[in-house]
Amino acid sequence: MVFFDADQFPDLRDALEKLQLNDAALKFEPESSSAMGFGFRCGFLGLLHMEIVQERLEREYNLSLITTAPSVVYRVNCVNGDTLECSNPSLLPEPGKRRFIEEPYVKIEMLTPKEYIGPLMELGQDRRGEFKEMNYITENRASLIYLLPLAEAEGKKRMKAIGKVDVPQEAFMAVLRLEKEGSANSSAHKGGKTT
């Protein structure tokens, strides 16, 4: 999310539209927050793309911006059959009105020297990842494949410091089924692919 002074709203909208003419990967839509006010929810190819766009907005258009951490859109399947997309917990329907919540997952391949396999596997587990496969590319280099919640994969700077991280564009949904007591059980649902 990108926030700004309220009187800069038209300027920021115009600047984003101009940047989008040369950058088809940049997506944005108006958004508001009770704490931050009006702003835009922006979609980027990754953190580097986000930093470049922010730098250009501040330097080329003389805008003073506040950016918040990337967030993930969850799908909420309601008891009445409706499906809602929700990126803010305050917008969730009441627990009695929800059947289950779907969380986007990504398949991540980490290429690393063999001495970092243990720490990377620990990191994958710490980030609620599901180990899928490990292959040795050479005697001293391995490929680890994990399924990670997209929310956990977005904070991948720590992983880049250890090994190369390749994040394909495809994601699928993991289902969080909410029990009557309010506890959540997680199970993979591979039929709900998204892009």
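Regarding residue 13, is this residue more than 30 Å from residue 98 (Cα to Cα), of a type outside the set (Asp, Glu) and either open to solvent by 50 Å² or more (accessible area, probe 1.4 Å) or without any contact (Cβ under 8 Å) to a residue 12 or more places away in the chain (or both)? Spelling it out, residue 13 is indeed more than 30 Å from residue 98 (Cα to Cα), of a type outside the set (Asp, Glu) and either open to solvent by 50 Å² or more (accessible area, probe 1.4 Å) or without any contact (Cβ under 8 Å) to a residue 12 or more places away in the chain (or both).
Regarding the range 37-47, can at least one residue be identified that is open to solvent by 70 Å² or more (accessible area, probe 1.4 Å) and either closer than 23 Å to residue 101 by Cα or without any contact (Cβ under 8 Å) to a residue 12 or more places away in the chain (or both)?
No - not one qualifying residue is present in the range 37-47.
Candidates in the range 71-92 are the residues that are small (Gly, Ala, Ser) and within 19 Å of residue 46 (Cα to Cα); of these, the one that is surrounded by the fewest Cβ atoms within 10 Å (Cβ to Cβ) is 87. Could you check, for the range 63-70, whether at least one of its residues is open to solvent by 80 Å² or more (accessible area, probe 1.4 Å) and of a type in the set (Val, Ile, Thr)? Within the range 63-70 (the criterion being open to solvent by 80 Å² or more (accessible area, probe 1.4 Å) and of a type in the set (Val, Ile, Thr)), the answer is yes, since at least one residue qualifies.
I'm trying to understand the selection: among the residues of the range 48-62, which are in contact (Cβ under 8 Å) with a residue 24 or more places away in the chain and open to solvent by less than 50 Å² (accessible area, probe 1.4 Å)?
The answer is 49, 53, 54, 57.
Does residue 21 fit the bill of being outside any loop (DSSP other than H, G, I, E, B), farther than 26 Å from residue 106 by Cβ, open to solvent by 70 Å² or more (accessible area, probe 1.4 Å) and at pLDDT 80 or above? Yes.
Just one of (1) open to solvent by less than 40 Å² (accessible area, probe 1.4 Å); (2) at pLDDT below 80 fails for residue 154. It is (1).
Each residue in the range 93-151 was checked for being part of a strand (DSSP E or B), in contact with a Phe, Trp or Tyr (Cβ under 7 Å, 6 or more places away or on another chain) and open to solvent by 40 Å² or more (accessible area, probe 1.4 Å), and 3 pass.
The values are calculated or read from the model by the stated rules, or taken from the named source; none is laboratory data. Treat the numbers as computed from the prediction; the structure is a model and nothing was measured. Ideal geometry is used to build each Cβ from the backbone, glycine not excepted, and the neighbour counts take in all protein chains shown. For accessibility, only protein heavy atoms count, side chains too; no ligands or nucleic acids. Shrake-Rupley method; radii C 1.70, N 1.55, O 1.52, S 1.80 Å.
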